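See structure below.
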Amino acid sequence: MSVQVLLPGALADLAGGARHVDVELDGAGGVTLQSVLDAVAVDHPRLARRIRDETGAVRRFVNVYVDGEDVRFDQGLATVVRDGTVVQVLPSVAGG
């Protein structure tokens, strides 16, 4: 099963400059967003630390979307992903 993780330029540097990270997972038993982020962490630990905190939760200032839907309004890290899912990671923008 293949999932694509899209990164903005600010985070791409932590993935070796890649703005798209393809993740291959075994789809048996269902796959969640947590599984996807765990797989990303194996190859890109610095990126993983910017997305999730030390408890494994998505950081407050990071927005994660699964096929365009904000996971904070879905099941969070338990959001189910399917083959071909696109996960987008965006740091929050603040200012005034």
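This table checks each residue for (1) modelled with pLDDT of 95 or more; (2) of a type in the set (D, E, K, R); (3) at negative phi.
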site: Gly16; (1), (2), (3): no, no, no
site: Ile51; (1), (2), (3): yes, no, yes
site: Arg72; (1), (2), (3): no, yes, yes
site: Pro91; (1), (2), (3): no, no, yes
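Among the candidates Val36, Val42, Val64, single out the residue that is under 17 Å from Val3 (Cα atoms), more than 11 Å from the chain's Cα centre (by Cα) and either not in a loop (DSSP other than H, G, I, E, B) or not hydrophobic (A, V, I, L, M, F, W, C) (or both).
Working: Val36 fails: more than 11 Å from the chain's Cα centre (by Cα); Val64 fails: more than 11 Å from the chain's Cα centre (by Cα).
The unique qualifying residue is Val42.
From the list Arg59, Arg82, Arg52, pick out the single residue that is in contact with an Asp or Glu (Cβ under 9 Å, 6 or more places away or on another chain) and closer than 18 Å to Val93 by Cα.
So the residue among Arg59, Arg82, Arg52 that is in contact with an Asp or Glu (Cβ under 9 Å, 6 or more places away or on another chain) and closer than 18 Å to Val93 by Cα is Arg59.
Do you know which residues across segment 1-17 are free of Cβ contacts under 8 Å to residues at least 60 places away in the same chain, over 14 Å from Ala39 (Cβ atoms) and among the small types (Gly, Ala, Ser)? Don't jump to the end; show me each part of the working.
From segment 1-17, those free of Cβ contacts under 8 Å to residues at least 60 places away in the same chain are 9, 12-17; that's our starting set.
Still in the list and also over 14 Å from Ala39 (Cβ atoms): 9, 12-14, 16-17.
Those that are free of Cβ contacts under 8 Å to residues at least 60 places away in the same chain, over 14 Å from Ala39 (Cβ atoms) and among the small types (Gly, Ala, Ser): Gly9, Ala12, Gly16, Gly17.
If the requirement is being in a loop (DSSP other than H, G, I, E, B), in contact (Cβ under 8 Å) with a residue 60 or more places away in the chain and not acidic (Asp, Glu), which of these qualifies: Gly29, Gly84, Gly56? So that I can check it myself, show each step before the final result.
On the way: Gly29 fails: in contact (Cβ under 8 Å) with a residue 60 or more places away in the chain; Gly56 fails: in contact (Cβ under 8 Å) with a residue 60 or more places away in the chain.
Every option except Gly84 fails the conditions.
The values are calculated or read from the model by the stated rules, or taken from the named source; none is laboratory data. These numbers come from a predicted model, not from an experiment. Methodologically, a virtual Cβ is constructed for each residue, glycine included, from the backbone with ideal geometry; neighbour enumeration extends over all protein chains shown.
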